[in-house]
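The values are calculated or read from the model by the stated rules, or taken from the named source; none is laboratory data. Since we're looking at a predicted model, the values are computed, not measured. Only protein heavy atoms, including side chains, enter the accessible area calculation; ligands, DNA and RNA are left aside. Shrake-Rupley method; radii C 1.70, N 1.55, O 1.52, S 1.80 Å.
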Amino acid sequence: MEDCLFCKIVAGKIPSQTVYQDDQVFAFRDINPQAPVHVLIIPKTHITAVSDITKEHIPLLGHMVVIANQIAQSEGIFEKGYRLAINCGKEGGQAVAHLHIHLLGGRQMSGKLG
Ligand code: 5GP
Ligand code: ZN
């Protein structure tokens, strides 16, 4: 999508600290990290939000979680634990309208989500 920040990152038009990529998925470090490890895992194809996910996306979403786990391994937080978060829409706290999974770890997360 032309005017999408994360599509521009996937295309390399905006630089990012890439952590992983394959044919379906791109992962890069969050510009404003909320934890020692804060990586965003996104589909290369534009999907606006998790609310747009339908049955046809099940393999893609499964793949994104597998990759998130793999990155947790390579970042050294797999054993201690980590958080995967998806914000959706305005009240869900989604600022960038391209589906992304936050991978957060390297510190004790609070029980609070809001
Ligand atoms: P959201 O609030 O939509 O769930 O999360 C968007 C995330 O994208 C935020 O954590 C924010 O710091 C990150 N972000 C916004 N713009 C950029 C950018 O240009 N580069 C990178 N690497 N992260 C960004
Ligand atoms: Zn996009």
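Among C88, C7, what's the order by accessible area (1.4 angstrom probe), most exposed first?
Details: C88 50, C7 20 Å².
Correct descending sequence by accessible area is C88, C7.
Pairs of alpha-carbon atoms within less than 8 angstrom and 6+ residues apart define the contacts here; what relative contact order does the chain have, in percent?
Rounded, it is 29 percent for the chain.
Using only Cα atoms, locate the centre of segment 50-92 and the centre of segment 13-37, then give the distance between them in Å, rounded to an integer.
Cα centroid of segment 50-92 versus Cα centroid of segment 13-37: 13 Å apart.
Using alpha carbons only, how many degrees (0 to 90, rounded to 10) separate the axis of helix 58-74 from the longest principal axis of the chain?
The angle comes out near 40 degrees.
If you roll a 1.4 angstrom probe over the protein chains with everything in place, what fraction of the accessible area of the chain belongs to carbon and sulfur, to the nearest %?
53
Keeping all protein chains in place, calculate the accessible area per residue for the chain (probe 1.4 angstrom), answer in Å².
That works out to 61 Å² for each residue.
Run the reach check for K8 against lysines, Cα to Cα strictly under 28 Å, same-chain hits fewer than 8 apart removed. What comes back?
Answer for K8, where 28 Å is the Cα cut-off: K44, K55, K90, listed by chain and number.
For the chain, what value does the Rg/Rh ratio take when both radii are computed over Cα atoms and Rh is the Kirkwood radius, given to two decimals?
Over the Cα atoms of the chain, Rg/Rh equals 0.94.
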